[in-house]
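Trainee: Take a look at the following structure, please.
The values are calculated or read from the model by the stated rules, or taken from the named source; none is laboratory data. Computed from a predicted model, the values in this text were never measured in an experiment. All Cβ positions, even for glycine, are placed from backbone atoms using ideal geometry, and neighbour counts span all protein chains on display.
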Amino acid sequence: MKQFTSAASRTCPNCGSDAVVTRVLPDRFVYGTGRDQVELESEIPFHKCEACQFEFTAADAEHARHEAVCRHLNVHTPVQIVALRDWYDLTQEDFAKLTRFGVASLSRWETGQLIQNGANDQLLYLLHFKENVERLRNRSVEGQTVPITRHEPVAARTHRFRALKMDQGLRRRSERFDLRCQRRA
């Protein structure tokens, strides 16, 4: 379905006119190669100059396609990553320091220059829970790394096997022990 909107700040790259109308239309494009190749669809802003009839797309079309790819891969979109960081009111540098993501990588994810891998996307997902962010904040105390501790349920902490105290008598008996197969008569 066609939508017409006026883009007051957009100028025609062909003639320089401000008489540009934007239509948002479905756009199909191919993503991937070989057996992994799929056809995706996205809503793309197409611009048309009313003065010279020149039609063009801009960076907003690439952003829309990039978001369609992210949805296909089931990973966070650049807008979602920025929103997550903003939710905690952190700069890119502070977010990178907290998560140990590289600042350059984080910047590329947020601008759509790069799509994060699945493992990093899983970590981004876990940051939607405030308690996980607090765990990361508490992990470092005055620049010293806090050792990782396991948080197991109480039932899992009980020992399943009793440890034997190795004394001299037990050690001698274990040295003499020999497992042999007995023949049945």
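Trainee: Please report, ordered by residue number, the helices (runs of 4 or more DSSP H) entirely within region 96-138 with at least 3 residues that are modelled with pLDDT under 95.
Mentor: It comes to 130-138.
Trainee: Does region 23-73 hold any residues that are surrounded by 12 or more Cβ atoms within 10 Å (Cβ to Cβ) and assigned to a loop (DSSP other than H, G, I, E, B), and which are they?
Mentor: Residues satisfying the conditions are 32, 50, 51, 52, 54, 57, 58.
Trainee: Restricting to region 74-95, what's the tally of residues that are among the polar types (S, T, N, Q) and in a helix (DSSP H, G or I)?
Mentor: 2
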